[in-house]
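S.K.: Would you mind keeping the following structure in view while I ask a few things?
The values are calculated or read from the model by the stated rules, or taken from the named source; none is laboratory data. Predicted model, so just to flag it, every value in this text is computed and none were measured. A quick note on method: Cβ atoms are made from the backbone with ideal geometry, for glycine too, and the neighbour counts reach across all protein chains shown.
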Amino acid sequence: MTTYTKPEVTQAEIDSVISDGYRAMWNDDVQKKIDADIEKHRKADGVFQLPASAAGKEVKVEQISHDFIFGAHIFNFDQLGTNERNERYKELYGGLFNSATISFY
């Protein structure tokens, strides 16, 4: 089983990859639609019965897998110029995605 570790990303790293053009398209209405669509399409209520657990005891539940294929193009794999950048790419990619696409030329 693969253990998910949330990648640690600084605001500076985020800012360095988001273009000014992309930021210009972003606004409160776009964010509200995204948030509403997440609630509508990506979340559901559930009921869990844990007979072996004492009543009133706190229980941590963590989703460790899903059927949804979530990926991106992996064109930059080992192509970022330095070992440090390549390792960071792999760390972030593996922590965020469970699939990859490649181009055929």
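S.K.: Just need a number here: residues in segment 65-81 that are in a loop (DSSP other than H, G, I, E, B) and modelled with pLDDT of 85 or more.
M.R.: Looking only at segment 65-81, we keep the residues that are in a loop (DSSP other than H, G, I, E, B), and these are 65-70, 74-81.
Pick out the ones that are also modelled with pLDDT of 85 or more and you get 69-70, 74, 77-81.
Here the count works out to 8.
S.K.: Return the residues of segment 42-67 that are among the basic types (Lys, Arg) and surrounded by 10 or more Cβ atoms within 10 Å (Cβ to Cβ); say none if nothing qualifies. Even if it seems obvious, please write down each step before you answer.
M.R.: Within segment 42-67, the subset among the basic types (Lys, Arg) is 42-43, 57, 60.
Residues satisfying the conditions do not exist here.
S.K.: Related question: Could you list all residues from segment 78-105 that are in contact with a helix residue (DSSP H, G or I) (Cβ under 7 Å, 6 or more places away or on another chain) and farther than 18 Å from VAL9 by Cβ?
M.R.: ASP78
S.K.: Something else now. Are there any pairs, at least 6 apart or on different chains, whose C-beta atoms fall under 7 Å, with the first in segment 68-95 and exposed (fewer than 13 other Cβ atoms within 10 Å of the Cβ) and the second part of a loop (DSSP other than H, G, I, E, B) and aromatic (Phe, Trp, Tyr), and if so, which?
M.R.: PHE70/PHE97; GLY71/PHE97; ALA72/PHE97
S.K.: Further question: Can you name every residue in segment 82-105 that is part of a helix (DSSP H, G or I) and more than 30 Å from LYS43 (Cβ to Cβ)? Lay out the reasoning, then the answer.
M.R.: Of segment 82-105, the ones part of a helix (DSSP H, G or I) are 83-96.
Within segment 82-105, ASN83, GLU84, ARG85, ASN86, GLU87, ARG88 meet the criteria.
S.K.: Follow-up question, since we're still on this one. Residue check, ALA44 against (1) under 23 Å from THR101 (Cβ atoms); (2) free of Cβ contacts under 8 Å to residues at least 24 places away in the same chain; (3) in a loop (DSSP other than H, G, I, E, B), all met but one. Which one?
M.R.: Result: ALA44 fails condition (1) only.
S.K.: Among the candidates GLU84, GLU13, GLU62, GLU8, single out the residue that is among the acidic types (Asp, Glu) and at pLDDT 85 or above.
M.R.: The conditions single out GLU84.
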